[in-house]
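For reference, the structure is listed below as structure tokens.
The values are calculated or read from the model by the stated rules, or taken from the named source; none is laboratory data. Please read all numbers here as calculations on a predicted model, not as lab measurements. Glycine also receives a Cβ, built like all others from the backbone with ideal geometry; neighbour counts cover every protein chain displayed.
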Amino acid sequence: MDKKKTSILSFLILLGLIYYSFNSQMPSYRTNFEISELDFSTDRALVQLKQISKKPHYVGSNENKIVRQYIINSLKQLGLSPEIQKGYILNERSGSMSKPINIIAKIEGSENGKSLLVFSHYDSALPSSMGASDAGSGVVTILESVRAYLAGGKQPKNDIIILFTDAEEIGLDGAKLFVRSHPLAKNVGIALNFEARGSAGPSSMIVETNYGNKNLIKSFIKANPDFPIASSLLYSIYKMLPNDTDSTILREEGDIDGLFFAFIGNHFDYHTAGDNINRIDKNSLKHQGSYLMSLLNYFADADLSLVKSEEDYVYTNFPILKMISYPFSWVMPLTWLSVFLFSVFICIGFFKNKLTFLEIFKGFIPFLLSIVFAFILGYFGWSIILRIYPHYQEILQGFTYNGYTYIAFFVSISLSFTWYMYSIFQKQITPANLMVAPITLWLIINILIAVNLKGGSYFIIPMYFVLISFLIHIINKENSYLIIHLLLSAPAIFIFSPLIETFPVGLGLKIIFVSTIFSVLVFGLLLSFISSFNSKKVLAQVFFIIGILFFIKAHLNNDFNQEQKKPNSLLYFQDIENKKSYWLTYDKVLDDWSKSFLGENPKNASSISLIPVRSKYKTQYSFGTIAPNESVPYLKPIVLKDSISENKRKVEFKLSPNKKSDVIQLYVDKETIFNSLAFNGMSIKNKLSYNKLNNRLLTYYVSESDSLEVSYETTINYNPTFTILEYSFDLSDNPWVKIKKRPEEMMPKPFVFNDAIVIKQRIFP
């Protein structure tokens, strides 16, 4: 085969390998209601998900109660005896309180070893998420997997505890209630948690442990799931970030090891009204089911007393092999061995006159210039796009509906520039000399990883294959064995290609520069065969055109519509003391619907006397305007006790909702000094928690129309003033404040208290 045909074939194989690196990550869904009763059925799970995700079912809501009863009935149909666990949880660190209602069932084991816990949460994010993916997908994955397991008629050796927690979305309170007060929590050996942070994509496994991960990883590999997606890089990064899941609570408060499974694709649906059954990726749901069926069958009979370990493992998924793992103790030897081999090969190259200092130096020029360009393009390019399309800022997750198209655009333009740079030097530098620059930089990266982020040290694996390719170039004729060089590049393609997409999907398009730089770095590892392509300038033009086409596609898809709804916000805020009411919004770019309330030129919200909002992305009110002063019922405090003894004043008062009330926030001046403080009989133990940032004392999530009882003790001559904010998420459906319905191309903004009537009052108990 002549060189031109070989190059074309190599390029086509390269595209095939890249496609396979993505396509092999999870199973493909096919409609099949006739699947065996012993197997997980995605269709059967979807039938249940349709019931669970009809409406928002946040903690304390009436729909939350309906979903809870549906789950209870489903467990009973499986022959189990579910129980309810409920109680107050006071979180002093966040200043919040709720009454989660957990659902618990147990499959009796034949032996007395540690228990297996499988769990998810059934509440949705307030106030408007349907909770289909987060975490209805986890609920139905467990229900359908347990059904399939029980259909086999085999009794497990270990007790299998099934837990559906409540109030996860407001502070992991259901998990706290379980681990702190339920007796079954004391004997859990391992916990499997199923979650979602988007509505699509492969589900990744992350380890939760206070110890080493060795035995957990070995067990995961023995369970042999069909499509494992896991890496110690994600594990290491996860431990460094302030991530909180129910699994975190079990680990921190119960010393319970766990495996946590979640998919994060289509991040723009996370916590929104778009998290509904019509948007969930059926492949993702099937992936979750494939995990749990394998793990359930394995851990039901495994010795769960052996999952703890002092040793950590490096691990990553890999096509065909499924998983690769080895001890942390191998990290430094493997790293320095690669450096040693590279040094030896360099010496051989100089000895055989295949390498020269001048050509090596020239080889660094296109590579480093490409990296610099990739950084500039990604870092500044996204900022420019936000200026061109300011409405993207309304998507608080930071990942737009056309986000995948933007990833393709940025990566294509980065690679276009890289192809062009190498086209300039293609006749001046041999492949062996060109390869020195990327190998050098990658080895430096691996040394840094080995020292600072050992979980990512599996990056060294592709380096050994690249070094073999480098050696072939040194000892053989240049540009020979093209297909062999391509195959030796396959590990780099399999391991690194998916990461180019994963970073901006998970962390937002603001870090698209990581993907552009990473794409150039991976390009460098493929130089062993693509350096022989004579049409680099043509490929540069092709990638540039592809990039422009992706940008045009993103532009044509930038507007909001019925499939890509605009998140917007509206609140009716009433100040009882000042007898004023306002329309408020968090939006930076107002639309026609919000302008119909706020007007064409609303005031900046900072001009209105408002208490700062506390939210995930630190979103604050943006605009406000005067609203009609409607007669909305509000809380009336009832003083239960007011006594003086030994120069101390003790007061108890109760706040009872006299209409639908979802959240009650209590504020007091930061300088207020309490001798003691309690809410619903639960005392705050840490006196530093008495005085919160922005004067916020407590956020109370109302369940079952419960009252909030506050008791405190102060000095005799001090009378604290409390400010109350009462939220009800019924702005669109209440008898007092009437608003017109949102257009179909809009939805409530997530991550903030929204679509709410807010009543502010001051009390002097």
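Among the candidates Lys362, Lys427, the residue that is in the same structural domain as Gly508 (by TED's automatic domain parsing), assigned to a helix (DSSP H, G or I) and surrounded by fewer than 20 Cβ atoms within 10 Å (Cβ to Cβ) is uniquely Lys362. When Pro657, Pro628, Pro612 are checked against the criterion of being modelled with pLDDT of 95 or more and part of a loop (DSSP other than H, G, I, E, B), a single residue qualifies: Pro628.
Only one entry in Phe518, Phe544, Phe513, Phe503 is closer than 25 Å to Tyr392 by Cα, modelled with pLDDT under 95 and touching a helix residue (DSSP H, G or I) at 6+ places or on another chain (Cβ under 6 Å), namely Phe503. Residues that are farther than 20 Å from Val737 by Cβ and in a helix (DSSP H, G or I): does segment 576-591 have at least one? No, there is no match, as no residue in segment 576-591 is farther than 20 Å from Val737 by Cβ and in a helix (DSSP H, G or I). Looking only at residues in segment 317-342 that are within 20 Å of Lys222 (Cα to Cα) and free of Cβ contacts under 8 Å to residues at least 24 places away in the same chain, the one that is surrounded by the fewest Cβ atoms within 10 Å (Cβ to Cβ) is Ile320. Where strands (runs of 3 or more DSSP E) fall wholly inside segment 153-254, the ranges with 2 or more residues that are closer than 22 Å to Met323 by Cβ are 188-196, 200-208. Taking the stated definitions as given, is Thr209 farther than 19 Å from Asn317 by Cα and surrounded by fewer than 23 Cβ atoms within 10 Å (Cβ to Cβ)? Taking the combined requirement at face value, the residue does not satisfy it. Does segment 685-707 include one or more residues that are modelled with pLDDT of 95 or more and either of a type in the set (Asp, Glu) or part of a helix (DSSP H, G or I) (or both)? No.
Taking the criterion of being within 26 Å of Gly131 (Cα to Cα) and modelled with pLDDT of 95 or more, would at least one residue in segment 299-315 satisfy it? Quick ask: steps written out before the conclusion?
So the first thing to find is which residues in segment 299-315 are within 26 Å of Gly131 (Cα to Cα), and the list is none.
The answer is no, given that none of the residues of segment 299-315 is within 26 Å of Gly131 (Cα to Cα) and modelled with pLDDT of 95 or more.
Whether any residue in segment 353-373 is more than 30 Å from Phe465 (Cα to Cα) and either among the acidic types (Asp, Glu) or modelled with pLDDT under 95 (or both) is what I want to check. There is no residue in segment 353-373 that is more than 30 Å from Phe465 (Cα to Cα) and either among the acidic types (Asp, Glu) or modelled with pLDDT under 95 (or both).
A search for C-beta distances below 7 Å between a residue of segment 724-751 that is in contact (Cβ under 8 Å) with a residue 24 or more places away in the chain and any residue that is surrounded by fewer than 20 Cβ atoms within 10 Å (Cβ to Cβ) and part of a strand (DSSP E or B), counting only pairs 6+ apart in sequence or on different chains, returns Ile724/Gln761; Ile724/Ile763.
Within segment 12-60, restricting attention to residues that are assigned to a loop (DSSP other than H, G, I, E, B) and aliphatic (A, V, I, L, M), the residue that is surrounded by the fewest Cβ atoms within 10 Å (Cβ to Cβ) is Leu38. The number of residues in segment 26-57 being at pLDDT 95 or above and among the polar types (S, T, N, Q) comes to 5. Among residues of segment 574-631 being among the aliphatic types (A, V, I, L, M) and more than 21 Å from Ile759 (Cβ to Cβ), the one that is surrounded by the most Cβ atoms within 10 Å (Cβ to Cβ) is Leu590.
Would you say Tyr235 is within 26 Å of Ser329 (Cα to Cα), touching a residue at least 12 places away in the same chain (Cβ under 8 Å), of a type outside the set (A, V, I, L, M) and surrounded by 21 or more Cβ atoms within 10 Å (Cβ to Cβ)? Quick ask: steps written out before the conclusion?
Details: within 26 Å of Ser329 (Cα to Cα): yes; touching a residue at least 12 places away in the same chain (Cβ under 8 Å): yes; of a type outside the set (A, V, I, L, M): yes; surrounded by 21 or more Cβ atoms within 10 Å (Cβ to Cβ): yes.
Yes: the conditions hold for Tyr235.
The lone criterion from (1) more than 30 Å from Phe533 (Cβ to Cβ); (2) surrounded by fewer than 15 Cβ atoms within 10 Å (Cβ to Cβ); (3) hydrophobic (A, V, I, L, M, F, W, C) left unmet by Val67 is number (2).
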